[in-house]
Amino acid sequence: MANVAFIGLGNMGGPMAINLVKAGHQVAVFDLSETAVAHVVEQGATTHASAAECVKDAELIISMLPAGKHVEGLYLSEQGLIHHIGQGALVIDSSTIDANTARKVAAGLAEKGIDFIDAPVSGGVGGAQAGTLSFMVGGSAEHFEKAKPVLDNMGKNIFHAGDHGAGQVAKACNNMLLSVLMVGTSEALQLGIANGLDPKVLSEIMSQSSGSNWTLDVYNPCPGIMENVPSSNDYQGGFMVDLMAKDLGLAMDTAVSSQSSTPMGALARSLYAMHATAGNGGKDFSSIFNLFSKQEN
Ligand code: NAD
């Protein structure tokens, strides 16, 4: 069992840290929110007055923060953890951030003999609670192998995508594709509805035909076709429009830095930004279905 420090105990980090406690690790936790800390401490974690004290004796340091500026600030700033983490410790950043910041943090920590992998996740809050997340890891094979037993306690599929930043690139590619599939599925279903088709029948036809895809088959965006999906619960729960818009921004940054052409991703980013601005940021990302409705929403 490992000595782990876990920083960032929000919707994702909280349940991930609790799964490490349940697996028997010694887990020292920190968050700017005292409520978030108290919830994880109740489950058997310890805490200290600062993140710096939490990481002092840790072999593994895991962070789950909102964005790249928080990750860079946590590790590389003047008061950053770089001055407190012991040599030979491994930092695992599971936040969804841009690949260049992940590489910058990796290089900064390496100067002090501290190892790093980027390990963003897919699977949402449900996956974090159930311990079934997918991890996409960027870093050396040696550090991937070192992290894997602990990632196994929080996830089901652990992938080694490549060197530093590769985990973040894989995450950006996946979520860009997911958004394109969701937009395409939504407009196809609305086209059928506008022409008199029953969306349930159309869904079955496309699911058994070449239009089959994950958003149609297991996450149908049209209310009332499937039980236990956000569209049948007024688009509550699931994966928020705001987070999809954030991830698409990261995918576009990645495309710009490699001068890649991603026209479908660019359109999806624009549509999700518009949908968020219209007041839907807190709804599940399948609510983009309503954008194509011919009825008043
Ligand atoms: P969240 O806002 O619920 O949690 C972030 C936590 O970080 C908060 O509790 C905040 O207080 C804490 N924090 C911020 N700066 C800190 C600092 N300097 N020191 C200590 N704590 C600090 O966010 P979340 O939903 O848990 O998402 C975390 C990351 O996971 C994001 O990068 C997000 O894009 C990614 N992600 C989220 C989901 C999802 O469905 N929520 C799915 C996959 C990936």
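Read the figures in this text as sums done on the coordinates, not as results from a lab. Just so it is clear, the model here is predicted, and its values are computed rather than measured. Reconstructed Cβ throughout: ideal geometry from the backbone, glycine too, with neighbour counts over all protein chains shown.
A quick yes/no check of all residues on (1) part of a loop (DSSP other than H, G, I, E, B); (2) of a type in the set (Asp, Glu):
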{"site": "11", "(1), (2)": "yes, no"}
{"site": "14", "(1), (2)": "no, no"}
{"site": "19", "(1), (2)": "no, no"}
{"site": "29", "(1), (2)": "no, no"}
{"site": "39", "(1), (2)": "no, no"}
{"site": "44", "(1), (2)": "yes, no"}
{"site": "49", "(1), (2)": "yes, no"}
{"site": "53", "(1), (2)": "no, yes"}
{"site": "62", "(1), (2)": "no, no"}
Exercise. If you go through region 215-227 one residue at a time, how many are over 19 Å from residue 178 (Cβ atoms) and either of a type in the set (Gly, Ala, Ser) or loosely packed, with under 12 Cβ neighbours inside 10 Å (or both)?
Worked result: 2
For this session: Determine, yes or no, whether residue 283 is exposed (fewer than 15 other Cβ atoms within 10 Å of the Cβ) and touching a helix residue (DSSP H, G or I) at 6+ places or on another chain (Cβ under 6 Å).
Result: no
Problem set entry | Subset of region 112-132 (residues that are within 16 Å of the ligand (Cβ to nearest atom) and surrounded by fewer than 21 Cβ atoms within 10 Å (Cβ to Cβ)) | 122, 123, 124, 125, 126, 127, 129, 130, 131, 132
For this session: Answer with yes or no whether residue 35 is within 14 Å of the ligand (Cβ to nearest atom) and touching an Asp or Glu at 6+ places or on another chain (Cβ under 7 Å).
Result: no
Exercise. Among the residues of region 1-39, which ones are hydrophobic (A, V, I, L, M, F, W, C) and under 19 Å from the mean Cα position of the chain (by Cα)?
Worked result: 6, 7, 9, 12, 16, 17, 18, 20, 36
